[in-house]
Amino acid sequence: MTRAISLHHVSKSYARGPRVVERLSLDIRPGEFLVLLGPSGCGKSTVLRMIAGLEEVSEGEVRLDGEYANDLPPSERNMAMVFQNFALYPSMTSRDNIGFPLRIETPGADPRARVDATARMLGIQDLLDRFPNQLSGGERQRVAMGRAIARHPSAFLMDEPLSNLDAKLRNHLRAEISKLTRDLGATTVYVTHDQAEAMSLGDRVAVMRGGVLQQLGTPRTVYGLPANVFVAAFIGTPRINLLRGIVRAPLDGAMTISLGKQFLRLPEPLCLDHQLLRVQQGREVIVGLRSEAVRLARASEARPGEVAITGLVEHVEFQGHEVLVHFDTGSRPALVPELESPRPSRPTRRRRRDGTVLDRLRGRAGALRAGPVVVLDRPADDEADHPGQTPPEGRLPGDLVVRTTPDIDLRHGMQIPLLVDLAHLFVFDRNGERICPAPERLPDLDE
Ligand SMILES: Nc1ncnc2c1ncn2[C@@H]1O[C@H](COP(=O)(O)OP(=O)(O)OP(=O)(O)O)[C@@H](O)[C@H]1O
Ligand SMILES: [Mg+2]
């Protein structure tokens with residue numbers, strides 16, 4: 001009853017508008033829980049609706065269990081959709097809401113046994129005689145899930161089914177959805193813009209941006225080996241630190257990455273990944289440091305592979321079990337346009353039309369359709385003098401966020417010694433693609 005779903009070079013444009021999904025290829029295995037993750041407007045719901053048959057595929061193929069399915073009507077796909085705004089019939093009890101699709105499917109049959117079994121599975125036996133306005137949001141969502149499950153679909157398509165609920169209930173239902181879909185063995189495609197939700201639910205996560213798939217991998221892989229700056233910045237809290245740097249690789253001296261006022265000296269002998277950085281000599285790169293790659297400690301406490309820098313405390317965020325410290329290290333952060341402000345602006349699509357011929361060709365090839373992943377305006381060496389630079393809207397001051405325990409007394413303006421663990425160093429090129437760790441020699445984290 002599970003089902004393989006594959007998309008082969010699927011594109012979508014509405015009317016004569018631009019493509020909102022571009023040459024997307026995905027192979028979803030039977031029984032797999034795949035999450036489509038990306039910011040608002042990146043095309044997640046469109047992809048889900050194309051899988052459901054609710055939206056026409058403009059180009060490419062959707063295959064179900066290997067069979068061409070572009071023209072298959074939704075009713076013949078045996079899939080259940082669960083939406084964010086789960087609409088229950090207000091004049092029907094939970095029992096009738098759950099049983100309704102069964103009665104439509106097989107008129108004359110008594111759905112009672114199926115409804116009862118479904119209700120037991122969801123723990124809502126006691127709610128079956130209530131009407132929707134007598135249920136809480138979470139209970140209503142469970143009834144809506146019941147309605148989807150009772151038909152024994154071969155696949156679930158869920159579009160942000162939890163986003164209307166409060167955080168506690170969301171966590172609870174998240175665990176339930178995970179267990180339920182696994183127990184049923186149904187293939188599930190789950191759409192969300194919440195990276196934590198994606199990481200906790202998915203067997204694999206497909207990260208999208210501007211209609212283009214950025215990376216497909218297990219939660220471990222997309223976190224540990226992000227393909228580009230966008231994926232690195234979208235996944236993980238606190239957000240990865242992205243600092244603009246320049247590789248300095250003199251023939252007769254140690255290789256360093258200059259971060260403006262300070263530098264990271266790469267330990268010798270250079271590991272293979274760091275050796276590969278030599279070709280970047282003199283070039284601008286983006287250094288990515290997750291908060292766990294940096295700790296508060298003196299240079300004398302450095303372990304092998306750690307290098308010392310210092311940071312000026314700009315802001316301290318108390319979180320109970322830990323503290324997030326925002327430091328100014330004198331470098332300039334690299335900006336990922338869609339992720340900087342709370343309301344992502346998406347001007348890139350229109351700009352592409354007026355761009356150069358090369359831009360347009362790139363766009364057609366699907367490479368840079370949604371504009372650059374990262375914006376580097378002035379050269380990084382400019383960075384030493386930027387007094388009074390105000391952070392972009394939505395960003396806190398400082399260029400480096402580090403986690404620490406709450407017992408350390410830190411105040412604004414203190415200069416603190418830091419150790420950077422270069423085993424956790426990411427380096428991206430100026431287009432935002434990851435160059436270190438190098439893609440080709442990686443241990444396969446999916447195994
Ligand atoms: N019927 C439509 N006609 C024209 N454009 C559409 C239509 N539906 C969606 N779009 C556009 O397609 C793009 C992708 O929309 P989609 O709903 O798939 O995004 P999403 O990733 O689900 O976003 P959100 O997280 O906000 O739900 C958006 O730019 C949207 O404006
Ligand atoms: Mg959507």
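The residues of the stretch 263-285 that are within 29 Å of the chain's Cα centre (by Cα) and assigned to a loop (DSSP other than H, G, I, E, B) amount to a single one, 283. Across the stretch 88-131, the number of residues qualifying as under 27 Å from residue 182 (Cα atoms) and touching a residue at least 40 places away in the same chain (Cβ under 8 Å) comes to 11. Scan the stretch 259-299 residue by residue and report those that are of a type in the set (S, T, N, Q), free of Cβ contacts under 8 Å to residues at least 60 places away in the same chain and touching a strand residue (DSSP E or B) at 6+ places or on another chain (Cβ under 9 Å). Listed by number, the list holds a single entry, 281. One residue stands out in the stretch 35-44 among those that are of a type outside the set (D, E, K, R) and crowded, with 20+ Cβ neighbours inside 10 Å: the one that is farthest from ligand 2 (Cβ to nearest atom), namely 35.
Taken over the stretch 189-216, the criterion of being outside any strand (DSSP E or B) and away from ligand 2 (no atom under 16 Å from the Cβ) is satisfied by 196, 199, 200, 201, 202, 203. I'm checking my understanding of the structure. Among residues of the stretch 51-73 that are within 16 Å of ligand 2 (Cβ to nearest atom) and in a loop (DSSP other than H, G, I, E, B), which one is surrounded by the most Cβ atoms within 10 Å (Cβ to Cβ)? Result: 55. How many of the residues in the stretch 246-261 are assigned to a loop (DSSP other than H, G, I, E, B) and under 15 Å from residue 422 (Cα atoms)? Count: 3. Being surrounded by fewer than 20 Cβ atoms within 10 Å (Cβ to Cβ), away from ligand 1 (no atom under 12 Å from the Cβ) and more than 18 Å from residue 156 (Cα to Cα) is the filter here; which residues of the stretch 171-198 pass it? Residues satisfying the conditions are 171, 172, 196. Out of all the residues in the stretch 143-150, is one or more in contact with a helix residue (DSSP H, G or I) (Cβ under 6 Å, 6 or more places away or on another chain), of a type in the set (Lys, Arg) and not in a helix (DSSP H, G or I)? No, because not a single residue in the stretch 143-150 is in contact with a helix residue (DSSP H, G or I) (Cβ under 6 Å, 6 or more places away or on another chain), of a type in the set (Lys, Arg) and not in a helix (DSSP H, G or I). Restricting attention to the stretch 395-429 and to residues that are at pLDDT 90 or above and among the basic types (Lys, Arg), the residue that is surrounded by the fewest Cβ atoms within 10 Å (Cβ to Cβ) turns out to be 411.
If the condition is being under 14 Å from residue 429 (Cβ atoms) and either under 13 Å from the mean Cα position of the chain (by Cα) or not charged (D, E, K, R) (or both), then the stretch 244-262 contributes 245, 246, 247, 257.
Yes/no matrix, rows are residues, columns are (1) outside any loop (DSSP other than H, G, I, E, B); (2) farther than 20 Å from residue 206 by Cα; (3) polar (S, T, N, Q):
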position: 23; (1), (2), (3): yes, no, no
position: 26; (1), (2), (3): yes, no, no
position: 36; (1), (2), (3): yes, no, no
position: 41; (1), (2), (3): no, no, no
position: 46; (1), (2), (3): yes, no, yes
position: 49; (1), (2), (3): yes, no, no
position: 75; (1), (2), (3): yes, yes, yes
position: 96; (1), (2), (3): yes, yes, no
position: 99; (1), (2), (3): yes, yes, no
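In this structure, does residue 32 turn out to be of a type in the set (Asp, Glu), more than 16 Å from ligand 1 (Cβ to nearest atom) and assigned by TED's automatic domain parsing to the domain that holds residue 147? Against the criterion (of a type in the set (Asp, Glu), more than 16 Å from ligand 1 (Cβ to nearest atom) and assigned by TED's automatic domain parsing to the domain that holds residue 147), residue 32 qualifies.
The values are calculated or read from the model by the stated rules, or taken from the named source; none is laboratory data. What you are looking at is a predicted structure, and each value in this text was computed from that prediction instead of being measured. Positions of Cβ are backbone-derived with ideal geometry, glycine not excepted, and every protein chain shown enters the neighbour counts.
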